[in-house]
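Student: What follows is a structure written as structure tokens; I'll ask about it next.
The values are calculated or read from the model by the stated rules, or taken from the named source; none is laboratory data. The model shown is predicted, which means the values in this text are computed figures rather than measured ones. So basically every Cβ, Gly included, is an ideal-geometry build from the backbone, and we count neighbours across all protein chains shown.
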Amino acid sequence: MTRTVLGVGERALPEYAVYALKFATRDARRGDHFHPDSPGAPGDPHDDTPMPMDYFVWAVVGDDATWVVDTGFLADEAAARRRTLLRTPAEALASIGIDAATVGDVIITHLHYDHIGGAVQFPSARFHVQDREIAFATGRHMLTDQRHGFTGRHIADVVLAVHAGRVVFHDGDAELAPGLSVHHVGGHTDGLQVVRVHTRRGWIVIASDAAHYYEMLERQRAFHLTFDFPALVAGYERVVALADAPDAYVPGHDPAVLDRYPAVAGLEGRVARLDLPPEPDHTRPDTHHPDRQRSTA
Ligand SMILES: [Zn+2]
């Protein structure tokens, strides 16, 4: 990465600490994840190879403010969808000293149940959402299979939040603070946005469900729930372009994230530091992706 020489009166960009916090998981198979019409390689719905899915929220911590990315989901949704809730997202945040009740700004990458379902944990927050995501989640596409990732009650709560003045709408790209911005990419849902953060290792991108797993982006494959395939592929290119290194993006659901990045002491397997360089050898035996072992360091 290159560093710009600052002129008189210019200030260096802040370098945020960024955390991935795992709060839930589920057993799954490769056949559950890859779309049979994937642009990269078609998914095989009968592939029973295990490929578990983890669920995360993220925290962006600066000197002056803390931003949370996504809200996760709670016990009701875990029961309804048979996910394993390990801790609430608020409990995960508390483990690194963040009080969800006082967080002022939450960026919502998209409105799927596992990203907006924990909004009640953030009573003081404004929610940053793309125009197109709210239009999508309240519009005609919810009469199709696209609605399965959404829970109607969550969307109703978002509409109530709009009327309470607690939603900040974004259209495309927006700088939220120096060194922190959102970027619309769509694809997985129509209004999905990714988050670009400046850190001590340069710009990183919280891709969320722009790429559920590293394999999705690396091999140009599509998750089974995809709204717009061309936008999805363009989104892969955008994510890489926004990051300072080809692998400086963070997928939304890949258990490998907690292997690649240093853990917070005492929170191994639960919280990773994304602003620190990846572990030199993050490739502990990986049964989920046998064909790419040691290939992506
Ligand atoms: Zn999603």
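Student: Restrict the check to region 149-157 and report whether at least one residue is modelled with pLDDT of 95 or more, away from the ligand (no atom under 16 Å from the Cβ) and over 16 Å from H112 (Cβ atoms).
Tutor: The answer is no; no qualifying residue exists.
Student: Does R221 satisfy the criteria of being buried (at least 20 other Cβ atoms within 10 Å of the Cβ) and modelled with pLDDT under 95?
Tutor: yes
Student: Just to check your reading of the model, which residue among P246, P230, P251, P262 is more than 16 Å from the ligand (Cβ to nearest atom), within 30 Å of M142 (Cα to Cα) and not charged (D, E, K, R)?
Tutor: P230
Student: Ok, one more. Where in region 39-131 are the strands (runs of 3 or more DSSP E), entirely inside, with at least 1 residues that are within 16 Å of the ligand (Cβ to nearest atom), surrounded by 14 or more Cβ atoms within 10 Å (Cβ to Cβ) and charged (D, E, K, R)?
Tutor: Hits in region 39-131: 53-61.
Student: Are there any pairs, at least 6 apart or on different chains, whose C-beta atoms fall under 7 Å, with the first in region 31-59 and over 28 Å from G117 (Cβ atoms) and the second modelled with pLDDT under 95 and crowded, with 20+ Cβ neighbours inside 10 Å, and if so, which?
Tutor: Going by the 7 Å Cβ cut-off, the qualifying pairs are P39/A222; G40/R221; A41/R221.
Student: Tell me the residue from R196, R200, R238, R166 that is among the basic types (K, R), surrounded by fewer than 17 Cβ atoms within 10 Å (Cβ to Cβ) and away from the ligand (no atom under 16 Å from the Cβ), please.
Tutor: Step by step, each of R196, R200, R238, R166 is checked, and only R200 is among the basic types (K, R), surrounded by fewer than 17 Cβ atoms within 10 Å (Cβ to Cβ) and away from the ligand (no atom under 16 Å from the Cβ).
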